[in-house]
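These notes are about the structure you will find just below.
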Amino acid sequence: MFDTYSDIYDKWYEENKIIAENEAEAVKVLLEPGFTLEIGVGTGYFAEKLGVNIGIDPAYKPLLKAKARGIEVIQALGEELPFRDNIFDNILLIVTICFLDKPTEVLKEAWRTLKKGGSIIVCIVPRDSVWGRYYMRLKEEGKSLFYKYARLYTVREVEELLKNTGFKIKGYSATLSFPPQSKPIYEEPSTKPMGYGFVCIKGVKD
């Protein structure tokens, strides 16, 4: 679907600039300096904003857009990362885990390729948030090209996935305090995850 609708996917960022910039800022406050991989880089909007070094994605057409944005890209699966052990300082999954068939396998690969002390940042639309319920309603009504394939998680569920892979939870960053139907506003990220439509959970490989 991301190959077929890559133009529509990328256009969303233009049409929802305030929302996208709020989300990018929420990721940025958790991101440490260093060599960074984004799993599910898509068209590279976040990668460009955040200074990501390498992005992977199984969909080819979005990678062309990411490459045009200056990102080094590789067509690959998160379950089989084409990298040696212990090389990344940061790994990002930004609204990616909800589209994975085997999230635990991807997190294991993230663990393998992260340096000791490296960070993983997993960002989600929480299923139990106003935004999550909105997207699930669109899914049920067949009105979303992308979220009809998604499995949304709660913050607690992502925490458990990370802990079960060996990561220690080190912090949160959240945004989108307003509902989907309201006029978007710029806002500072919150360190408390509850009540927000976009939440990033940071884990560390000790």
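The values are calculated or read from the model by the stated rules, or taken from the named source; none is laboratory data. Keep in mind that this is a model prediction, so the values were computed, not measured. Reconstructed Cβ throughout: ideal geometry from the backbone, glycine too, with neighbour counts over all protein chains shown.
Can you find a residue that is surrounded by fewer than 17 Cβ atoms within 10 Å (Cβ to Cβ), over 19 Å from residue 21 (Cβ atoms), aromatic (Phe, Trp, Tyr) and more than 12 Å from the chain's Cα centre (by Cα) anywhere in the range 59-74? Yes, there is a match, as at least one residue in the range 59-74 is surrounded by fewer than 17 Cβ atoms within 10 Å (Cβ to Cβ), over 19 Å from residue 21 (Cβ atoms), aromatic (Phe, Trp, Tyr) and more than 12 Å from the chain's Cα centre (by Cα).
Under the condition of being at pLDDT 95 or above and touching a helix residue (DSSP H, G or I) at 6+ places or on another chain (Cβ under 6 Å), the residues counted in the range 1-26 number 2.
Test residue 137 against the criterion of being among the charged types (D, E, K, R), surrounded by fewer than 20 Cβ atoms within 10 Å (Cβ to Cβ) and over 23 Å from residue 31 (Cβ atoms), and give yes or no. Considered against the rule, which asks whether it is among the charged types (D, E, K, R), surrounded by fewer than 20 Cβ atoms within 10 Å (Cβ to Cβ) and over 23 Å from residue 31 (Cβ atoms), residue 137 comes out as yes. Considering the range 171-206, the residues that are exposed (fewer than 15 other Cβ atoms within 10 Å of the Cβ) and of a type in the set (D, E, K, R) include one that is modelled with the lowest pLDDT, namely 206.
Among helices (runs of 4 or more DSSP H) entirely within the range 1-63, having at least 3 residues that are touching a residue at least 40 places away in the same chain (Cβ under 8 Å) and out of contact with any strand residue (DSSP E or B) (no Cβ under 7 Å at 6 or more places or on another chain) singles out 6-15, 17-28. On the stretch given as the range 65-89, residues that are under 25 Å from residue 131 (Cβ atoms) and either among the β-branched types (Val, Ile, Thr) or outside any helix (DSSP H, G or I) (or both) total 0. Would you check which residues across the range 128-151 are touching a Gly at 6+ places or on another chain (Cβ under 8 Å) and without any contact (Cβ under 8 Å) to a residue 12 or more places away in the chain and list them? Matches in the range 128-151: 148 only.
Residue 115 meets each of the listed conditions (1) among the charged types (D, E, K, R); (2) surrounded by 17 or more Cβ atoms within 10 Å (Cβ to Cβ); (3) not in a loop (DSSP other than H, G, I, E, B) apart from (2).
Given the structure, is residue 97 out of contact with any strand residue (DSSP E or B) (no Cβ under 8 Å at 6 or more places or on another chain), at pLDDT 95 or above, under 25 Å from residue 180 (Cβ atoms) and of a type in the set (Val, Ile, Thr)? So residue 97 fails the test.
Number of residues in the range 13-37 that are more than 30 Å from residue 87 (Cβ to Cβ) and out of contact with any Phe, Trp or Tyr (no Cβ under 9 Å at 6 or more places or on another chain) equals 4. I need a count of the residues in the range 175-206 that are assigned to a loop (DSSP other than H, G, I, E, B), under 23 Å from residue 96 (Cβ atoms) and in contact with a Pro (Cβ under 8 Å, 6 or more places away or on another chain). Selection size over the range 175-206: 3.
Every test in (1) part of a loop (DSSP other than H, G, I, E, B); (2) over 18 Å from residue 31 (Cβ atoms) is passed by residue 132 save one, and that test is (1). Can you say whether residue 172 is of a type in the set (Phe, Trp, Tyr), under 17 Å from residue 27 (Cβ atoms) and assigned to a loop (DSSP other than H, G, I, E, B), as far as the supplied structure shows? Judged against the criteria, residue 172 is not a match.
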